[in-house]
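**Student:** Quick one: this structure, given as structure tokens, is what I'll be asking you about.
The values are calculated or read from the model by the stated rules, or taken from the named source; none is laboratory data. Every value quoted in this text rests on a predicted model; they were computed, and no experiment measured them. In this analysis, Cβ positions are derived from the backbone assuming ideal geometry, glycine residues included, and neighbour counts consider all displayed protein chains.
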């Protein structure tokens with residue numbers, strides 16, 4: 001029914017978060033819930049081939065990948081992984097946040113939200129297959145935020161991409 005693009009964080013197991021069993025959803029997990037060519041291919045399979053109707057970009061509070069990106073962590077292959085989150089950092093109005101590091105929870109939350117929004121938009125911009133499915137009204141892309149403190153998930157209406165908002 002859906003494909004969830006979420007983080008690898010063990011506090012955010014998508015099947016448990018959405019109370020779904022084995023075989024109910026597709027789950028794509030990567031630190032920082034961003035997209036690349038391989039992930040887009042997986043999303044295209046889930047929607048165009050297997051028939052999923054919803055793509056959920058699931059970010060979460062206290063995300064270590066977002067915190068690492070905010071702190072400009074550089075270490076081995078993690079450096080290039082976190083570089084995928086740089087557009088979200090640049091999108092946040094830096095004049096509102098001081099310090100601009102993981103020590104500032106409001107800043108981390110703003111970057112998390114920006115990352116969810118940008119990832120949802122990148123799915124559409126980078127995949128003609130999914131863009132066509134959305135235009136035909138067969139698929140919806142939406143962002144959501146999992147609050148690890150409470151377990152609650154809030155869907156972010158400002159991130160929804162459907163045939164009317166495409």
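**Student:** Exactly one condition in (1) within 16 Å of residue 144 (Cβ to Cβ); (2) assigned to a helix (DSSP H, G or I); (3) in contact with a strand residue (DSSP E or B) (Cβ under 6 Å, 6 or more places away or on another chain) is not met by residue 113; state its number.
**Tutor:** Failed condition: (3).
**Student:** Also, quick follow-up: Considering the range 2-32 alone, what residues qualify as being under 30 Å from residue 72 (Cβ atoms) and assigned to a helix (DSSP H, G or I)?
**Tutor:** 14, 17
**Student:** Out of 2, 31, 69, I need the residue that is buried (at least 16 other Cβ atoms within 10 Å of the Cβ), in contact (Cβ under 8 Å) with a residue 12 or more places away in the chain and within 24 Å of residue 131 (Cβ to Cβ). Which one?
**Tutor:** Being buried (at least 16 other Cβ atoms within 10 Å of the Cβ), in contact (Cβ under 8 Å) with a residue 12 or more places away in the chain and within 24 Å of residue 131 (Cβ to Cβ) holds for just one of 2, 31, 69, which is 2.
**Student:** Does residue 106 satisfy the condition of being more than 16 Å from the chain's Cα centre (by Cα), free of Cβ contacts under 8 Å to residues at least 40 places away in the same chain and in a helix (DSSP H, G or I)?
**Tutor:** yes
Residues are listed down the side, and each one gets a yes or a no for (1) farther than 30 Å from residue 103 by Cα; (2) part of a helix (DSSP H, G or I); (3) modelled with pLDDT of 95 or more:
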{"position": "34", "(1), (2), (3)": "no, no, yes"}
{"position": "47", "(1), (2), (3)": "yes, yes, yes"}
{"position": "52", "(1), (2), (3)": "yes, no, yes"}
{"position": "55", "(1), (2), (3)": "yes, no, yes"}
{"position": "69", "(1), (2), (3)": "no, yes, yes"}
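**Student:** With the structure loaded, tell me whether residue 145 is in contact with a helix residue (DSSP H, G or I) (Cβ under 8 Å, 6 or more places away or on another chain), crowded, with 17+ Cβ neighbours inside 10 Å, modelled with pLDDT of 95 or more and farther than 22 Å from residue 38 by Cα or whether it fails that test.
**Tutor:** yes
**Student:** Condition first: over 20 Å from residue 147 (Cβ atoms) and at pLDDT 95 or above. Now tell me which residues in the range 13-29 satisfy that.
**Tutor:** If the condition is that a residue be over 20 Å from residue 147 (Cβ atoms) and at pLDDT 95 or above, then 26, 28 are the ones that fit.
**Student:** Would you mind finding the one in 139, 153 that is surrounded by 12 or more Cβ atoms within 10 Å (Cβ to Cβ), over 21 Å from residue 37 (Cβ atoms) and modelled with pLDDT of 95 or more?
**Tutor:** Answer to the selection: 153.
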